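Only the coordinates and a few stated rules stand behind these numbers; no lab work does. Just so you know, these numbers come straight off a predicted model, no measurement behind them. Reconstructed Cβ throughout: ideal geometry from the backbone, glycine too, with neighbour counts over all protein chains shown.
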There are 2 protein chains.
Amino acid sequence: MNKIMRINMNDATVHCQEADESYELSGGRGFIARILTEEVPALCDPLGPENKLIICPGLFGDTPAPCHGRLSVGGKSPLTGTIKEANAGGTFAKRMVSLGLKALIVEGQPSSQEWSIVVLSNDAAEIIPAAKYTGMNNYQLTDALRTEFGSTVSIASIGCAGERGYRNSTIQITDPDGRPSRAAARGGLGSVMGSKRIKAFVIKGNGEYKGEYHDRAAFLENNRLYTKEVLANHISGQGLPALGTAVLVNMTNAMGILPTNNFRQGQFEHAEEISGERIAELQSARNGIMKHACHAGCIIYCSNVINDAEGNYLTSGLEYETIGLNGANCGIRDIDVVAQIDRICDDLGIDTMETGCTIGVCMEAGKIAFGDGAAALQLLQEMKEGSEFGLLMGQGTEVAGKALGVKRIPTVKGQAIAAYDPRGLKGTGVTYATSPMGGDHTAGNALGMPGDPGDKADKVEISRNLQVAMALMDSLGICIFASFVFENPANIALLANMMGAKFGGEWDIPKLMGLGVQALAMEKKFNKEAGFTAKDDRLPEFMYSEALPGSGLVFDITDAELAGTLPF
Amino acid sequence: MNKIMRINMNDATVHCQEADESYELSGGRGFIARILTEEVPALCDPLGPENKLIICPGLFGDTPAPCHGRLSVGGKSPLTGTIKEANAGGTFAKRMVSLGLKALIVEGQPSSQEWSIVVLSNDAAEIIPAAKYTGMNNYQLTDALRTEFGSTVSIASIGCAGERGYRNSTIQITDPDGRPSRAAARGGLGSVMGSKRIKAFVIKGNGEYKGEYHDRAAFLENNRLYTKEVLANHISGQGLPALGTAVLVNMTNAMGILPTNNFRQGQFEHAEEISGERIAELQSARNGIMKHACHAGCIIYCSNVINDAEGNYLTSGLEYETIGLNGANCGIRDIDVVAQIDRICDDLGIDTMETGCTIGVCMEAGKIAFGDGAAALQLLQEMKEGSEFGLLMGQGTEVAGKALGVKRIPTVKGQAIAAYDPRGLKGTGVTYATSPMGGDHTAGNALGMPGDPGDKADKVEISRNLQVAMALMDSLGICIFASFVFENPANIALLANMMGAKFGGEWDIPKLMGLGVQALAMEKKFNKEAGFTAKDDRLPEFMYSEALPGSGLVFDITDAELAGTLPF
């Protein structure tokens, strides 16, 4: 897996190159960090020809490691202006691996306004006109592409949001059922793909590539032990498969950190109605699926397939963040409305999290009322139609909030934060503030870590360790949920053994974590060159001054303390 | 003139203190820079209680120096996030001087939503309820306040824009005719005043304060010589008094740098119709006034009083920037429409420059057509009414442009640039990029400087020298138009002599310019602490990549070259 395919959209040419040895240990998030720091001017227009769109599996993408099929998508973010790696499930990573592709790098920008589809098979890539597909949203588009290219294709595509340059737009990835339900959601990378005038990447057929190992037997043995631990873990082996990520709704509500009414409260009186327990009950009656693998390679099965009240497919991957931010944070208690929002977001190709926070600031501004699900769906309709207000919402929570004159805007570096109020979960707050990605929970979520979550003690260190570990997992291409076992260092050592068995050399825990440190350091370097400083590493003002009802907590970790989070 | 009045809006208390000696040489822009760097947390919310609103005359405010009555208004800008000094004409500075007031500093924020008027007389300040005045725009408000407090008052007030927190809002200052036609326009300081819930400052009566001198006779003699030079200068003594700043329309159009259709062109085919010559012709027939002093203390008389077609007063101070940005830049050829826009802006209390560029990006987005004056007036009506779209426009050009999905947004650090296309006037472009104020022409406009304006040679040095000189003039409280005589260093020496005669000590040109350097250095310090870096010191992307039609020029001064502009 060392072929790098470069697609130059200036002249619609494709070049496949063997990656030199120095790339051997660059994969996923680490690979993206390297390409962006080495090849993309940090001050470039994210939607201009100098930005690059990078799509790649992780270093363990060609192994049977648990949950090894995550896809990294990267570029300079049009939402945040920072470096960006958006991580997705789906089948695309595995299919890239089957072609022996370490990465796709899309460069340049066509001078014409015509759209293309990129069709990949083995080491060939064909760039074909996409006129008949433009204007389609992801579900219709996926159906049409599967009809044209066969039902076994894997697709990465954009909907109308990416076409129109919405800065909240995603790249949707087809899931194991062939539906565009998985998203490289954060940071507006759909609009970067749109700026290259690529409507979809389609991988036809399966290649013959098989992973190579320094010591295959040793890898398999250590992997067997690691996998066993993941499946035995109380979260990744029990909680998540049972109720999915939505299991968190009741938990965060009890903790008082479930964002409610644009982060005005941390508890939602109707939390039970949007909880994982409630979803399981409903879907049981509707023949939905509560154990579903979001990507090829998954062993945790924390995702779901959601049917509507008539028992027909509605959406897949109705996750905690989507529910928290479009449900409680908008005061919406009807889980079927939240599921509809999820479906529409996947279809248009917009980030459910950014969308929930954007609807939240619209409610804060009085545009619509908190709790009015029908009005929220109408706002999504505006984004779908591309009305003036829809376009405004498509620019994300910060621009929408500012345009509406809202002062309480829950963003960091222009990106909406996740469904954990940082005043009551300070370790995650440190991550929101300091992650090179902007407000992001997957970069290091401290939920469940030892200690009082609302007390500032140790939170900088907790966030640092998590951020390094997540950067590692995102570089390996392993789902971050397979890292709950890190609570026992012996399990990290197994992963280090797997690295040695795969790539050779001596690997211990510090060397393994060094991959994460290296990725973060490159990301920080890119951001620094893009003009970001420690002054950008802070939460929105109201998190410091407005006490969270109930607990009375504010975010009290100082800028000076935050500055010590990622000292590399 | 060493009394500093602090108005604390937390508890509506007023404290008058004698400034200690260290403030003797701090005035105007320099005073603001000092207070902000010493007292205001650079990362504070500009509309929150930690920001301070500072209003002060300059160091020569109590002298007969030419054009000595300029007013400096400062705070952290809600538009740019940088430090901000907005400079205005009008009578307020002189009236502060008459009370012996070196500065007004408004601190804190009331917990209630009630509005106040601050009435000043001698060293007393009364804070009285303003309920009956809220919702009024500046013309009606000024009339009402003059009725209540007498026609001799001087007023600094906000209209509905400042009340509503528009980030493009001004503080309007009454002119020598008592009309609210002068503005501390840039950076949204009207909303800072609004955040303190102050609707207006009213100065009643004239105090007895007289300026003190180290050597009064020497001051007067040097001042006589300096004044003579200002009046003899071909620009400040001839060009400006004849046609006002609007004399520039035909000049910049001929140079190809008159922004047209959102900076798409540098020449406007109807430039003649909005030129100073045309205004003079029209106003001659309508009994308007083409030689008008914008402030008490002016000797140049470059302003005007504009009557409508029926010969009735319409507006005052119809300046080049307003005409360039609301006329040519919006493709609007009807000077009466531009004059109406000017009037409405003064009335609502919004920056004419920010407004012209905001209308420009609305036109770029297709919201209304280029050249459609009636539609532009309708957009102003939306700002007046506070509709959703009006609120959006009130957030300034950058937010409006982003919300509308526009890529060509003519701003630097969030502030609209002025009516000189920087591709063809590179010295001014360097100032736009590097001024601590954000996109600003008064910080150092290179128009008329020696050399080819479209060639990059020497432009960094030219901008540096101008920025230092303007920071000096803004600290002295002298109109920047009295600095055209700086082309002869002997005149700068006269100003240095005046400093020595006023404050004592030996003053030469380097020491005099040191005041400007000192102000700029403090401003840069504040911005650095607010998170700004050299990476923020650049023009919008399209200025580098899109050639100006006609000349084919792009802005080609590199970031590394720009970084050398203000090396202190």
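Tell me the label-point distance for the pair A:Glu546, B:Asp20, using the 7 Å Cα-to-Cβ offset, in nm and rounded to one decimal.
3.9 nm
Taking a point 7 Å out from Cα toward Cβ as the label site, list the nm distances between B:Glu18 and the same residue in every other copy, smallest first.
Computed spacing set for this position: 8.5 nm.
Please state the charge dipole magnitude for chain A, taken about the Cα centre, from unit charges on C-beta atoms (+1 on K and R, -1 on D and E), reported in debye and rounded to the nearest 20. Don't skip to the end; give the middle numbers.
On the way: 50 positive and 66 negative charges, 99 e Å.
Its charge dipole is roughly 480 debye.
Which FRET efficiency, nearest 0.05, do A:Asp177 and A:Asp458 yield, Cβ-Cβ r, R0 41 Å?
About 0.45, to the nearest 0.05.
Quick one: Cα centre-to-centre distance for the stretch A:28-42 and the stretch B:473-488, in angstrom?
Using only Cα atoms, the two centres lie 49 Å from each other.
For n ≥ 4 DSSP H runs only, could you compute -39500 (n - 2.57) per run for chain B, divide by its residues and tell me the 222 nm figure to the nearest 500? Intermediate values should be presented prior to the final figure.
On the way: 21 runs with 215 residues, N = 568.
Rounded to the nearest 500, the figure is -11000 deg cm²/dmol.
Filter the cross-link list B:Lys52/B:Lys84; B:Lys199/B:Lys384; A:Lys132/B:Lys407; A:Lys459/A:Lys535; B:Lys291/B:Lys384 down to pairs whose alpha-carbon distance in this structure exceeds 21 Å.
Values: B:Lys52/B:Lys84 11 Å; B:Lys199/B:Lys384 17 Å; A:Lys132/B:Lys407 27 Å; A:Lys459/A:Lys535 19 Å; B:Lys291/B:Lys384 30 Å.
Check vs 21 Å cut-off fails for A:Lys132/B:Lys407; B:Lys291/B:Lys384.
Which cysteines in chain B lack any other cysteine whose Cβ sits under 4.7 Å from their own Cβ?
B:Cys16, B:Cys44, B:Cys56, B:Cys160, B:Cys294, B:Cys298, B:Cys302, B:Cys330, B:Cys345, B:Cys357, B:Cys362
Residues with beta-carbon under 12 Å from that of B:Leu79, excluding B:Leu79: net charge, scoring Lys, Arg +1 and Asp, Glu -1?
+2
What average number of partner chain Cβ atoms lie no more than 10 Å from the Cβ of the residues making up A:407-414?
Details: counts 5, 0, 0, 0, 0, 0, 0, 0.
That average works out to 1.
Find the relative contact order for chain B and round it to a whole percent, using C-alpha pairs within less than 8 Å whose residues are 6+ positions apart. Please report the intermediate quantities before stating the final value.
Working: 1435 pairs, mean separation 92.4, N = 568.
This gives 16 percent for chain B.
Apply the a/c threshold of 1.5 to the C-alpha gyration tensor of chain B and tell me whether it is rounded, prolate or oblate.
The shape class here is rounded.
In what sequence, highest mean first, do A:62-71, B:45-54 appear when ranked by Cβ atoms within 10 angstrom?
A:62-71, B:45-54
If the only charges are +1 at each Lys and Arg Cβ and -1 at each Asp and Glu Cβ, what is the size of the charge dipole of the stretch A:1-82 around the Cα centre, to the nearest 20 debye?
Details: 7 positive and 10 negative charges, 70 e Å.
Dipole size: approximately 340 debye.
List the distances, in nm and shortest first, from the label point of B:Gly505 to the matching label points in every other copy, placing each point 7 Å from Cα along the Cα-to-Cβ direction.
Result for B:Gly505, in nm, nearest copy first: 6.1.
Placing the label point 7 Å from Cα along the Cα-to-Cβ direction, what are the distances from B:Asp334 to the equivalent spots in the other copies, shortest first, in nm to one decimal?
Taking the point 7 Å beyond Cα along Cα→Cβ, the inter-copy spacings are 4.8 nm.
For peptide A:395-403, compute the average count of partner chain beta-carbon atoms within 10 Å of each residue's beta-carbon. Kindly include the intermediate steps, with their values, before the conclusion.
Values: counts 6, 1, 0, 2, 10, 4, 2, 9, 12.
For this peptide, the per-residue mean of nearby foreign Cβ atoms is 5.
Net charge near A:Thr315: determine it from the other residues with C-beta under 10 Å of the C-beta of A:Thr315, scoring Lys and Arg +1 and Asp and Glu -1. List each step's numbers first, then the result.
Details: positive: A:Arg179, A:Arg343; negative: A:Asp308, A:Asp342, A:Asp346, A:Asp347.
Value of the local net charge: -2.
If I take R0 = 35 Å and measure r between the Cβ atoms of A:Ala285 and A:Asn488 in this structure, what FRET efficiency does the formula 1/(1 + (r/R0)^6) give, to the nearest 0.05?
Numbers: r = 39 Å, r/R0 = 1.11.
Computed FRET efficiency for A:Ala285 and A:Asn488 comes out at 0.35.
How high is the FRET efficiency between B:Lys132 and B:Thr13 when r is their beta carbon distance and R₀ equals 25 Å, given to the nearest 0.05?
0.60
Among A:412-419, A:145-152, B:371-378, B:259-266, how do they line up from the highest to the lowest mean number of other beta-carbon atoms within 10 Å?
Numbers: A:412-419: 27.6, A:145-152: 14.6, B:371-378: 16.6, B:259-266: 23.4.
Taking the mean over residues of other Cβ atoms within 10 Å, the ranking is A:412-419, B:259-266, B:371-378, A:145-152.
Whole Å is fine, so just give me how far the alpha carbon centre of the stretch B:495-568 lies from that of the stretch B:176-218.
Between the Cα centres of the stretch B:495-568 and the stretch B:176-218 lies a distance of 26 Å.
What's the local net charge at A:Pro57, with K and R +1, D and E -1, over the other residues with C-beta under 10 Å away?
Numbers: positive: A:Arg70, A:Lys94, A:Arg95, A:Lys102; negative: A:Asp62.
So the environment of A:Pro57 carries a net charge of +3.
Taking the stretch B:359-454, which GluC sites (Glu not before Pro) meet the DSSP loop condition and have no more than 16 other C-beta atoms within 10 Å? Display every interim value, and only then the final one.
Details: sites: B:Glu364, B:Glu382, B:Glu385, B:Glu388, B:Glu398; in loops: none.
Listed in order of number, the matching sites amount to none.
Please average, across the residues of B:535-542, the number of beta carbons from any other chain that are within 10 Å of each residue's own beta carbon, and give a whole number.
Details: counts 9, 2, 1, 2, 0, 1, 6, 2.
Per residue, the number of nearby Cβ atoms from other chains is 3 on average.
Measure out, as a whole number of angstrom, how far apart the alpha-carbon centroids of the stretch B:274-306 and the stretch B:400-419 sit.
31 Å
For the rotation taking A to B, I'd like to know which residue in chain A has the C-beta closest to the axis, plus that distance in Å.
Closest Cβ on chain A to the axis mapping it onto B, in Å: A:Ala403, 2.
Kindly identify the stretch A:100-204 as rounded, prolate or oblate by the Cα gyration tensor criterion: order the square roots of the eigenvalues as a ≥ b ≥ c, call it rounded if a/c is under 1.5, otherwise compare a/b with b/c, prolate if a/b is larger, else oblate. Kindly include the intermediate steps, with their values, before the conclusion.
Details: a/c = 1.31, a/b = 1.14, b/c = 1.15.
Rounded.
Report ³J(HN,Hα) in whole Hz for each residue of the stretch A:102-114, in order, from the Karplus equation J = 6.51 cos²θ - 1.76 cosθ + 1.60 where θ = phi - 60°; Gly and Pro get x.
Each residue's phi maps through the Karplus curve to give 6, 6, 10, 10, 9, 10, x, 6, x, 7, 8, 8, 6 Hz.
Kindly list the residues of the stretch B:198-220 that lie in the label zone of B:Thr152, defined by a backbone N under 14 Å from the point 7 Å along the Cα-to-C-beta vector.
B:203-209
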